[in-house]
Amino acid sequence: MFLPFRDHNPSGRRPYVTWILIAANLAAFVSYAPILTDWYAISAFWYDWAMIPAEVATGRQVHTVFTSMFLHAGYLHIAGNMLFLWIFGDNIEDALGHAGFLGFYVFCGLAASLAHILAAPLSDIPTIGASGAVAGVMGAYLLLFPRARVDVLFFLIIIFRTFSWPAWVVLCAWAALQLQGGLIGPGHGGGVAYWAHVGGFLAGMAWAVPCLLRRRAEPSPNRKTIRRRASAASLAKPVKGGDIPVTRKNGPWQKTRSGRSMTRIPTVRRRR
């Protein structure tokens with residue numbers, strides 16, 4: 001098994017929406033965490049707010065398609081989803097903008113719920129979790145940043161090692177595992193809504209296609225432009241205090257202090 005825990009892909013803006021979504025999920029979890037051990041209370045809570053495919057398919061409890069996106073069954077469940085959202089969400093928010101990312105997240109969550117309902121329309125098992133929306137974030141990341149490096153914790157029984165893999169390897173492997181789980185256990189195999197993950201992942205990829213096409217349509221800088229930018233950046237570097245020239249008011253010469261020695265150099269006249 002492997003667990004991504006960090007990527008090497010800095011974003012250009014603060015991911016406010018990602019932070020808000022993580023905070024909303026945590027706040028929702030804290031609100032009902034005390035009744036997780038009370039089977040009757042949590043069952044009634046799931047019936048009111050979790051998505052039950054058989055109920056939604058018949059037109060009842062439709063609001064749960066949205067509310068179930070902010071519910072989690074336990075500490076490990078919410079920790080895993082929020083970790084993935086933290087790793088990949090900031091870059092997708094940077095690419096789509098704050099408002100665009102919020103709409104994208106909700107769209108992927110709804111698409112994941114629809115995929116799960118289509119896979120198991122008669123299921124009466126409550127379905128909860130942000131994993132469908134987070135899967136959409138991962139699908140968009142696969143298209144937009146396939147070569148970004150992702151640090152992965154790989155563990156087998158008691159052996160732990162970390163690797164830095166390209167994003168496309170990590171995300172394709174994860175998507176393949178979800179597809180395999182959906183095919184082996186239809187609908188709700190092993191307590192995991194695999195088809196919701198697959199549906200959210202594909203929805204995220206579909207949403208990211210226009211952004212990918214816009215990026216490819218932008219002209220890439222040629223070598224002359226790259227050299228000019230590098231030269232301008234090198235000239236803009238600040239100089240050390242010991243290398244600042246000391247100019248005499250009278251005379252054609254100025255002095256520059258370099259270490260302990262004094263060197264006389266001609267004054268540079270600027271063109272007007």
Probe radius 1.4 Å, ligands and nucleic acids ignored: give me the carbon and sulfur share of the accessible area of region 1-118 as a rounded percent. 71 percent
With DNA, RNA and ligands ignored, accessible area of His98 (1.4 Å probe; Å², nearest 10): 60 Å²
Once you charge only the Cβ atoms, +1 for Lys and Arg and -1 for Asp and Glu, what is the size of the charge dipole of region 7-158 about its Cα centre, to the nearest 20 debye? 280 debye
Between Thr162 and residues 5 or more places away or on another chain, the pairs with built amide H atoms under 5 Å apart involve Phe154
Per residue accessible area of region 22-67, 1.4 Å probe, in Å²: 56 Å²
Ignoring ligands and nucleic acids, Asp48 exposes an accessible area, probe 1.4 Å, in Å² to the nearest 10, of 70 Å²
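The values are calculated or read from the model by the stated rules, or taken from the named source; none is laboratory data. Since we're looking at a predicted model, the values are computed, not measured. Neighbour counts run over all protein chains shown; Cβ positions are idealised from the backbone, glycine included. Each accessible area value is taken on the protein alone, full model and side chains, heavy atoms only, with ligands, DNA and RNA left out. Shrake-Rupley method; radii C 1.70, N 1.55, O 1.52, S 1.80 Å.
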